[in-house]
1. Looking only at the stretch A:261-302, filter to residues that are over 20 Å from A:R396 (Cα atoms) and of a type in the set (D, E, K, R); which one of those is nearest to the other protein chains (Cβ to nearest Cβ)?
2. Taking the stretch B:18-50 as the region of interest, how many residues are within 20 Å of B:E82 (Cβ to Cβ), among the hydrophobic types (A, V, I, L, M, F, W, C) and over 20 Å from the mean Cα position of the chain (by Cα)?
3. Spot the failing condition for A:V258; the list is (1) more than 14 Å from chain B (Cβ to nearest Cβ); (2) part of a loop (DSSP other than H, G, I, E, B), and only one is missed.
4. In the set A:V211, A:V166, which member is within 29 Å of A:D58 (Cα to Cα), under 21 Å from the mean Cα position of the chain (by Cα) and at pLDDT 95 or above?
5. Among the residues of the stretch B:67-101, write down those that are touching a Phe, Trp or Tyr at 6+ places or on another chain (Cβ under 7 Å), assigned to a helix (DSSP H, G or I) and either at pLDDT below 95 or of a type in the set (A, V, I, L, M) (or both).
6. On the given criteria, is B:S4 more than 14 Å from chain A (Cβ to nearest Cβ) and more than 19 Å from the chain's Cα centre (by Cα)?
7. Which of the residues spanning the stretch B:81-114 are charged (D, E, K, R) and surrounded by 24 or more Cβ atoms within 10 Å (Cβ to Cβ)?
8. Kindly provide the set of residues from the stretch A:254-298 that are buried (at least 20 other Cβ atoms within 10 Å of the Cβ) and of a type in the set (V, I, T), ordered by number.
Number of protein chains: 2
Amino acid sequence: MKRSGKMKLGLSMRSLGYHVAAWRHPDAPPLGALNFESFYWAAQAAERAKFDMVFFADSLSVRGRDEPKGAAARSSWNLELEPITVISALAPLTKNIGLVATASTTYNEPFHLARKFASVDFISGGRAGWNMVTSWSDDEAKNFSQTHTKDYDFRYERGAEFIDVVNGLWDSWDDDAIERNQQSGVFYDATKVHSLNHVGKHFKVAGPLTVARTPQGRPIIVQAGESEQGREIAAASADVVYTASDEIQRAKAFYASVKGRMEKYGRPMDALKILPGLTPFVGRTLQEAQDKHDQLQELIDPLVGLGALSRKVGDLSDLPLDEPLTRIAGARMKSAGDKVMAIVKEENLTLRQLYQRFASANGSRVVIGTASQIADTMQEWYEAYAADGFNITAARLPADMESFGELVVPELQRRGVFRTEYEASTLRENLGLPSAESRYAGGEGVRSVTEILAAAGAAS
Amino acid sequence: MKRSGKMKLGLSMRSLGYHVAAWRHPDAPPLGALNFESFYWAAQAAERAKFDMVFFADSLSVRGRDEPKGAAARSSWNLELEPITVISALAPLTKNIGLVATASTTYNEPFHLARKFASVDFISGGRAGWNMVTSWSDDEAKNFSQTHTKDYDFRYERGAEFIDVVNGLWDSWDDDAIERNQQSGVFYDATKVHSLNHVGKHFKVAGPLTVARTPQGRPIIVQAGESEQGREIAAASADVVYTASDEIQRAKAFYASVKGRMEKYGRPMDALKILPGLTPFVGRTLQEAQDKHDQLQELIDPLVGLGALSRKVGDLSDLPLDEPLTRIAGARMKSAGDKVMAIVKEENLTLRQLYQRFASANGSRVVIGTASQIADTMQEWYEAYAADGFNITAARLPADMESFGELVVPELQRRGVFRTEYEASTLRENLGLPSAESRYAGGEGVRSVTEILAAAGAAS
């Protein structure tokens, strides 16, 4: 039976694209990811293509400063605008597209984040989303008065309580709390404003928030957990889940695993959208697409490529780049593992070809082809319940968003698997999610993630 | 001798204006301060009038929830968009005007704030400013896992170290660190990127920032300290100081006090702009201006007025509003103090008239009159070195900004005391401030506020 409904599409933005050599392309906008204009162009192209949302990744430190031979300085990724400022700036410039920013729960205060995302929800008329992450690197810890990152369990527990507080603050004001009665002089009904009085292990937050209930009720929450705990929390509380599955069977298993956990939380399966990453290289012919891909691969600096490779197989920088590796590397390749060695042998790869595999990989599935071929893959995944749609991790911005919108989106629309017009003005409605009922409106309200995490921990 | 140069003007925005009854005016935009459009209209009007900057105040909690009789619910001030999101959203919609947001050093991390303001500086092309404040109320503490606010010295010491870290992070990348050499593959020169490695009493921050040196070098820092410590820090490090002097002699004394401290830090006096608040009610005739003022005063809700008054003279809500106070209040007025009692007697005020004085006061000088009369006052203050310009605390937004821009600004321009065109594209240049030299550029760099505070403490 053919799957009904439409797939959902997000555009993920990082620097000038997810490809490490994107900045070296002749058409790359200047200034790297400090150029707001290039994000604006990409967001406009995504909105023209009726995408559900744009999404901004983030990290809180410069990376790789101690890498040998200056590989970090050969990448544009160490310079990034802070994502909440970027989605705020995009809000009045766009009309229908969702605006999702990454923010970490590890070094933030829930009151600040709840308020910022609520503010963006007002400024955008109901299009704000928060990609909730924890910060795992020591480099990040060192920018926040710590010497090492906290362990996984601590970060996750703090993150769960953080979500609970944010959700609670977003419920502070009832939908109809603001009267604004100029005659009587009553601006709001104080009985419809609720203190949270949260007292937990990590936070004590009284509330209420200084922003009223937002156009979406609560902004969208995006998560990316692959772990058991992450899947449980997503099933109970997330609106959108990003994954990096690059293979359909693995994607189907993840999809079934997360969706299968939703019933026990009283959530219908379509209350959560699972969007694997997808990096498309589209051409009018397969050859054009392949050339696009190969051109970018050739631009990977050997130092950057060997640096990425060294984390897998050790330092091979003394070897020639363009001779078959099986002939020259021999025993030194053993640490690469059987899977990598099988590929090297089967395809008779050179060192350059091998680092191109590693340096450009972001975990997403890469699809190279015509619009029809790319749509085939997307439709196959969608109809097999491997995905509710895709998070497009474009190799180059804004160029690859523009060509995807011009070539692939019309093909998806022709097949009836993607919208031709926005259904609504809020991200929540366009994603087809249920409305966000307040905990004070009589229903069950949103689940306590802290309790879910505790129960999952006790069960495992 | 007539003072040369031009005055500087900022528009301060809070809710729908600084007057507590602004939301009850028939022309008030809906939704209070959650309506981004009304800030956009006001910012456009300010930019048309060639203002240097718009400025957003802030606080981090709902106030007055335990006030008797629901006065808080009769004000629009408990609902406010978070200011950094607002200035980010205004950035691409405006071209020349500076964008200043308040952010507290008490419950924030310097890495986050340094990055957000640096990002806004990029998005706006060099127009970002940070109004640095500390948070003093218990209500705010309770939203950030504390039960009571820290004492003044602690907050000030933390705030001083916070500024030092932020300034340090803004210097992370040299002006010419980004090479972006597509041929060689070098994106930046790693020798021109500096770790801060700050280790202080309140913060340990490694750096570098993940944003390059900004168009302004460093965003503008605004302060508002009236205390001895505040004056010393401002003299040493602030770009702009806001004050609330409502009387010219007091303003002159403050001006001389702060400016007189600058020489010992090697700063010329015009490297810091002192802008007292000014609330103008302008009309084509004095009567029209007076009517504007009186209409708004009449809209003050008695509960709001009596609430404001009760903090000065106790609860008088059982008394009739419109009979002379000297006749009905008698001994109960004693706690108001001699100054208030003198006014009550001299002007034979009723209770309503008295609360109108208190409820509408924000500490700024209120000037009611024609464009010429208001310009007279402004010019007098400017030429007497009581002010380098003014922070316009408009009673109603956007209406009072529009009428000020249409009536008063052309008069100031005619007199040659205010610009007719922007001089430059950055806030720093429009304010006539010296360029922000990096600490790594060979010069002295920016002062350590922590050291200044310690020296001031030792001296006093």
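1. Per the stated criteria, the residue is A:K273.
2. 2
3. Failed condition: (2).
4. A:V166
5. B:A73, B:R74, B:V86, B:I87, B:A89, B:L90, B:L93
6. Answer is yes for this residue.
7. Answer for the stretch B:81-114, where residues must be charged (D, E, K, R) and surrounded by 24 or more Cβ atoms within 10 Å (Cβ to Cβ): just B:E82.
8. Matches in the stretch A:254-298: A:V258, A:I274, A:T279, A:V282.
The values are calculated or read from the model by the stated rules, or taken from the named source; none is laboratory data. These numbers come from a predicted model, not from an experiment. Cβ: placed from backbone, ideal geometry, glycine included. Neighbour counts: every protein chain shown.
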